[in-house]
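What follows is a single structure, written as structure tokens, with notes after it.
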Amino acid sequence: MSTKVTIAGVEFKNPVIAASGTFGFGKEFSEYLDLNKLGGICSKGLTLHRNLGNKGIRIYETASGIMNSIGLQNPGIEYFVKEELPFMKKFDTVTIANLGGHCVDDYIKGAEILDQTTSDMIELNISCPNVKEGGMAFGTDPSKAKEVIRKVRSKTDKPLIVKLSPNVGSIAEFAKIAEDEGADSISLINTINALAVDIKSKKAIFANKTAGLSGPCVKPIALRMVYEASNAVDIPVIGMGGIMNYEDALEFIMAGATAIQVGTANFIDYKSMENIISGIEKYMKEENISSLDEITGII
């Protein structure tokens, strides 16, 4: 029995990856969790320059999930390369740098820097708002998605994962755009755009009005999108969205995901990923499954 999976020539010891944004760079969790057990770690979203993030409330609990409006708070790519990446590379796990940006030039310059690092892969977050053109996310505009993926692809030889926004009409269309523009893999879903209201103050909870919804409440939507995306492309799909236990993870794999990312669950139980890994191993033994390839996309 082997839990190994391969994406764009990169081998993961198991399909469980810490999702961007909920695991930092692994330092805090390393005091409680053996990071060597993980298939991979995806960094906090990185921008070209240090970003302080959004003002006001940033995290808000809702039924079966959380909403967040962090605003890409991060120390900047240069700081990541000097201070955070060396720590991540100490562990026997795949390191993925998540790249964000607020204009095409930011993405291009960021990709050029990350291409020269020891990071194993780049995950391109195209759900960022295009500040220069009114704030619409790159990942919800087909022409802008094509442009940023194509230009980042031209600046790096590293395996490129494109993280898709769920806030679109057809996820299959954007999955195909990513593949056609040179992505080696796609990951989905990012958070779903949502709204929360405080009836006491009669105002929106978040300063930016809307925020990103994640957690168990989004899982059925995420599963559907992973299924649709995996049937639209020939490149590997990394699934995420409300994965809380090994059963959830297996559902995503059976829907077409080669690997999965765990996000919100890390806030609830720091051993979530460790439990998911052991649960998958137990299931494979019980079902006499020698490789995850046997059940990937089986539905």
Qualifying strands (runs of 3 or more DSSP E) (wholly inside the range 15-123; at least 2 residues being over 29 Å from residue 197 (Cβ atoms) and in contact (Cβ under 8 Å) with a residue 24 or more places away in the chain): 16-18, 40-42, 94-99
Identity of the residue in the range 158-181, over 22 Å from residue 114 (Cβ atoms) and in a loop (DSSP other than H, G, I, E, B), that ends up least open to solvent (accessible area, probe 1.4 Å): 166
Out of (1) touching a strand residue (DSSP E or B) at 6+ places or on another chain (Cβ under 9 Å); (2) in a helix (DSSP H, G or I); (3) crowded, with 19+ Cβ neighbours inside 10 Å; (4) at pLDDT 95 or above, the one residue 139 does not meet is (4)
When the residues of the range 37-54 are narrowed to those that are among the basic types (Lys, Arg) and over 21 Å from residue 13 (Cα atoms), which ends up farthest from the chain's Cα centre (by Cα)? 50
Taking the conditions exactly as written (outside any loop (DSSP other than H, G, I, E, B), polar (S, T, N, Q) and open to solvent by 50 Å² or more (accessible area, probe 1.4 Å)), does residue 193 satisfy them or not? yes
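Residue by residue, here is whether (1) hydrophobic (A, V, I, L, M, F, W, C); (2) touching a His at 6+ places or on another chain (Cβ under 8 Å); (3) closer than 20 Å to residue 259 by Cα holds:
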position	(1), (2), (3)
36	no, no, yes
40	no, no, yes
50	no, no, no
58	no, no, no
63	yes, no, no
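The values are calculated or read from the model by the stated rules, or taken from the named source; none is laboratory data. Since we're looking at a predicted model, the values are computed, not measured. Virtual Cβ from ideal backbone geometry, glycine too; neighbours counted across all protein chains shown. Keep in mind that these areas ignore ligands, DNA and RNA; they rest on the heavy atoms of the full protein, side chains included. Shrake-Rupley method; radii C 1.70, N 1.55, O 1.52, S 1.80 Å.
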